[in-house]
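J.: This structure is in structure tokens; I'll ask about it shortly.
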Ligand code: GLN
Ligand code: ZN
């Protein structure tokens, strides 16, 4: 039965049913903050560098917010979000709202200002930053709240209500967006010193007390609708966590009186149990679903949906850059309307548009055909509106026929389809590809040829990217210097990197990657089926953005991509030179991927292209080839039930790249994380000869896998020092770590190398660090 205030909130909801004169029922979950030309990035960085004032930063930010609200309002969006802007991260904003500042930042109360806020985000001269981690399976990173029983939650940032008022003053009545209280706690971690068994959810009553104040403030300012983002509802949650949602919203229900409350979920299908919990939440009038990734959610809705509630139907993809197939979305919406009634549906985005690029208008270099296939955030807003109008019976035929034409042109374009590639990739499915000989026999064959000492030393690939180097690449790209001049400059760089490594007495050398701007872009630019944007930036964390390539068509490799440089580098030395490639899974996971075929299919296509490159390198005299899979783990689906399938095709794709090489060719791979424990069997299944992995920040975690008895017969190089820090690791310290590893791993499988590539470091740091690394390896070799 309904509680009193739930009844009340339903009554208010019903009394505000839409009239046709009003705007159509359209909604945007959230919007990118950076601005179409990364205005916020530059304003932030200039402020941090003390080149501009706090007022300047505030001004740029207010202008961005105003232009976003205006744009949505001009398009005709009814439910426009506010408080989706942030100076750094929306989870950190919530931490500020709750006053949950870790004591080390010395905050003494009052409204949280830039000093405390940015210290938490980025650290300051004396205190390091809070930890950052990936936001679900996106490339966005949030600042992890650090909580414990001692935290005194106090309402300490009024940003949500200020933004609401700011928009209202501009004539836009917005829907303030808050990170839901339960997701906030589920995404936080126990602060240092707090017992690991501490139940973060036990903080719920204290957190809710502050939420009540925020809600009261918003209501007083005139808000009629509030959105709570509770994306953790799509994860595999235990019953007591689901119960926390029930309890939290029941406790908030009295505060919801007179308000419409939307609980927004996104990024995956919502599990059946969570759906039950969500749709039974007290005081909630509307539910947001991701209907792009959550196709099974539709079945749940069909099987039962509470009467009188609203569905915010996320049919426009916030995770990608493809134009919506409007006809297809309209049928989905109509199917939903058949179940819950048209007046109960609000057309929306699948998630915040934060995860897509900002505005296609700024892409002057993409040709019209490709552009017609794309929609960035600004265009997605228009799509949402067109769908809402169509659902209400005002279908804009011009927009819909343009959409159908774009879908058709993409399907039939010869730039998209390459029959030969399709066939070759399809033939791979369901089969197994493995090198014929097992890894220990291969390592023997390789050792005969390479003749390496025990504890061989190597690096991960890149060497420092100097200002000069960046200038050369930029000028070549802009055709300001000739190809000849470019090749000469890069050649000299490679020569000096090789000389340095010989001087340092490293065993397996690299060419240093001076010709590469980015490990995915470099390959994407040489493969068919990829397009590149000029301004298609997506926020990664804080002011940092990435510009993912767009994979629009079947992938093939017109010609060799790295052989020229690798063979040149090999010609400068007698020592083995590692060829350096980016693996198919990483290229896939760091790109905007086509949605007209399964991701696995695209991955197989890339694998075939990389396979050709591997074989050409081998033919070109390169006997050691590293295929980086830095992002393999990142692609893990959110739900555990889907892990096995992903790992299966991802690992298969990796193996395809190198099944064709001889036993004596040594295949390396590299990964940028050390939380291996749950996927160790897949890593072994990759069947690489040597794996180098990030480790220096968490020795124990990685080594515990092996201590627990996992047998790893291949070579393994857990990073012996952290390349993310300018600090130069002393020889003894490195030697200590090697010894620790030797306690767990066989001496003949252990490699000695840094954590990751050196491109962000300076030579003044790299030289002494590598010198110490080699010295440590030699010292231990002598002791063994
Ligand atoms: N080979 C690459 C480099 O050294 C690997 C980078 C990475 O793992 N992210 O730069
Ligand atoms: Zn790495």
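J.: Of the numbered conditions (1) assigned to a helix (DSSP H, G or I); (2) at pLDDT 90 or above; (3) loosely packed, with under 14 Cβ neighbours inside 10 Å, residue 780 satisfies every one except a single condition; which is it?
T.: That leaves (3) as the condition not met.
J.: Report whether or not residue 68 is crowded, with 22+ Cβ neighbours inside 10 Å, farther than 18 Å from residue 179 by Cβ and in contact with a helix residue (DSSP H, G or I) (Cβ under 6 Å, 6 or more places away or on another chain).
T.: Values: crowded, with 22+ Cβ neighbours inside 10 Å: yes; farther than 18 Å from residue 179 by Cβ: yes; in contact with a helix residue (DSSP H, G or I) (Cβ under 6 Å, 6 or more places away or on another chain): no.
No, not satisfied.
J.: Which of the residues belonging to segment 133-162 are buried (at least 18 other Cβ atoms within 10 Å of the Cβ) and outside any loop (DSSP other than H, G, I, E, B)?
T.: Matches in segment 133-162: 141, 142, 143, 146, 147, 159, 160, 161.
J.: Moving on to the next point. Those residues that are touching a residue at least 60 places away in the same chain (Cβ under 8 Å), away from ligand 2 (no atom under 12 Å from the Cβ) and either out of contact with any helix residue (DSSP H, G or I) (no Cβ under 8 Å at 6 or more places or on another chain) or assigned to a loop (DSSP other than H, G, I, E, B) (or both), I need them from segment 621-630; list them, please.
T.: Residue satisfying the conditions is 623 alone.
J.: Which of (1) surrounded by 22 or more Cβ atoms within 10 Å (Cβ to Cβ); (2) away from ligand 2 (no atom under 16 Å from the Cβ) does residue 763 not meet, given it meets every other one?
T.: Every condition holds for residue 763 apart from (1).
J.: Of the conditions (1) crowded, with 20+ Cβ neighbours inside 10 Å; (2) more than 16 Å from ligand 1 (Cβ to nearest atom), residue 667 clears all except one; give me its number.
T.: Failed condition: (2).
J.: Would you point out the residue of segment 670-679, among those that are closer than 20 Å to residue 713 by Cβ and assigned to a loop (DSSP other than H, G, I, E, B), that is farthest from ligand 1 (Cβ to nearest atom)? Walk me through it before giving the result.
T.: Of segment 670-679, the ones closer than 20 Å to residue 713 by Cβ are 670-671, 674, 676-677, 679.
Remaining after also requiring assigned to a loop (DSSP other than H, G, I, E, B): 674, 676-677, 679.
Details: 674: 13, 676: 15, 677: 20, 679: 17 Å.
Of everything passing the filter in segment 670-679, 677 is farthest from ligand 1 (Cβ to nearest atom).
J.: I'm checking my understanding of the structure. Among residues of segment 745-760 that are within 16 Å of ligand 1 (Cβ to nearest atom) and farther than 17 Å from residue 720 by Cβ, which one is surrounded by the most Cβ atoms within 10 Å (Cβ to Cβ)?
T.: The selected residue is 759.
J.: Do we have residue 370 as touching a strand residue (DSSP E or B) at 6+ places or on another chain (Cβ under 6 Å), at pLDDT 95 or above and part of a loop (DSSP other than H, G, I, E, B) here?
T.: no
J.: Listed residues 633, 655, 707, 599; which is closer than 30 Å to residue 232 by Cα and more than 16 Å from ligand 2 (Cβ to nearest atom)? Explain how you work it out, then say what you get.
T.: Numbers: 633 fails: more than 16 Å from ligand 2 (Cβ to nearest atom); 655 fails: closer than 30 Å to residue 232 by Cα; 707 fails: closer than 30 Å to residue 232 by Cα.
None of the other options fit; the residue is 599.
J.: Tell me which residues, restricted to segment 487-499, are surrounded by fewer than 17 Cβ atoms within 10 Å (Cβ to Cβ) and either part of a loop (DSSP other than H, G, I, E, B) or without any contact (Cβ under 8 Å) to a residue 60 or more places away in the chain (or both).
T.: If the condition is that a residue be surrounded by fewer than 17 Cβ atoms within 10 Å (Cβ to Cβ) and either part of a loop (DSSP other than H, G, I, E, B) or without any contact (Cβ under 8 Å) to a residue 60 or more places away in the chain (or both), then 487, 488, 492, 496 are the ones that fit.
J.: Of all residues in segment 680-712, how many are in a loop (DSSP other than H, G, I, E, B), at pLDDT below 90 and under 26 Å from the mean Cα position of the chain (by Cα)? Reasoning before the result, please.
T.: So in segment 680-712, the residues in a loop (DSSP other than H, G, I, E, B) come out as 686-689, 694-698, 708-712.
Add one more test, that the residue is at pLDDT below 90, and what stays is 694-698, 708-712.
With the extra rule that they be under 26 Å from the mean Cα position of the chain (by Cα), the set shrinks to 694-698.
Residues flagged as in a loop (DSSP other than H, G, I, E, B), at pLDDT below 90 and under 26 Å from the mean Cα position of the chain (by Cα) within segment 680-712 amount to 5.
The values are calculated or read from the model by the stated rules, or taken from the named source; none is laboratory data. Quick caveat: nothing in here was measured; it's all calculated off a predicted structure. Note that each Cβ is placed from the backbone with ideal geometry, even for glycine, and that neighbours are counted across all protein chains shown.
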